[in-house]
1. Within the range 28-52, how many residues turn out to be over 19 Å from SER114 (Cβ atoms) and open to solvent by 50 Å² or more (accessible area, probe 1.4 Å)?
2. Residue check: is SER42 more than 17 Å from the chain's Cα centre (by Cα) and at positive phi?
3. Within the range 102-113, can one find any residue that is closer than 19 Å to GLU136 by Cβ and open to solvent by 80 Å² or more (accessible area, probe 1.4 Å)?
4. Taking into account only those residues within the range 79-99 that are modelled with pLDDT of 90 or more and surrounded by fewer than 18 Cβ atoms within 10 Å (Cβ to Cβ), which is farthest from GLY68 (Cα to Cα)?
5. Restricting to the range 121-137, name every residue that is open to solvent by less than 20 Å² (accessible area, probe 1.4 Å) and assigned to a loop (DSSP other than H, G, I, E, B).
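The values are calculated or read from the model by the stated rules, or taken from the named source; none is laboratory data. What you see is a predicted model, and the numbers here were worked out from it, not measured in a lab. Please note: Cβ atoms are built from the backbone with ideal geometry, for glycine as well, and neighbour counts cover all protein chains shown. These area figures cover heavy atoms from the full protein model, side chains too; ligands, DNA and RNA do not enter into them. Shrake-Rupley method; radii C 1.70, N 1.55, O 1.52, S 1.80 Å.
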Amino acid sequence: MVLASLFACQQSEDLNEDILSNTVTTELTKSGEWHITYFDDSGKDETDDFTEFRFTFKEDGTLQVSGGALSINGTWAIDKSQSSDPDDVELILDFGISDPLEELNDDWDVISISNAKIELIDISGGNGGTYYLTFEK
């Protein structure tokens, strides 16, 4: 009976992760461009560094960024295997070494998601800093 209970809990956690993962993917790849409305680097608001950029998340895991004189491709992925928390889904962003976008290269925990806004957080393992990132349509 205990084993059955543990198995049921694991199935429930997997279901929660799958639902959140699918929600994030669906919302990000809907038509329309995203822009950064908030970027906090360990207590320092650096949002202005990103206001000119527009982000388009593609279903194939690529990410197109345009703005100013910059037009690059990056990648994005969803990872739900990093934590035992059933509601912990991470958005992994990689823009290579393109400044200032390289500051966004990380695995971001999803705080909240809606059809027009996604809020992310990252607690650095290296220096212990906390970073916040918000995309909006």
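1. Within the range 28-52, the subset over 19 Å from SER114 (Cβ atoms) is 40-52.
Pick out the ones that are also open to solvent by 50 Å² or more (accessible area, probe 1.4 Å) and you get 42-45, 48-49, 51-52.
The qualifying residues number 8.
2. For SER42, the condition - more than 17 Å from the chain's Cα centre (by Cα) and at positive phi - is met.
3. Yes, because at least one residue in the range 102-113 is closer than 19 Å to GLU136 by Cβ and open to solvent by 80 Å² or more (accessible area, probe 1.4 Å).
4. At the first step, the residues of the range 79-99 found to be modelled with pLDDT of 90 or more are 90-97.
From what's left, surrounded by fewer than 18 Cβ atoms within 10 Å (Cβ to Cβ): 92, 94, 96-97.
Numbers: ILE92: 24, ASP94: 20, GLY96: 18, ILE97: 17 Å.
Top of the filtered list is ILE92.
5. Of everything in the range 121-137, just one residue is open to solvent by less than 20 Å² (accessible area, probe 1.4 Å) and assigned to a loop (DSSP other than H, G, I, E, B), namely GLY129.
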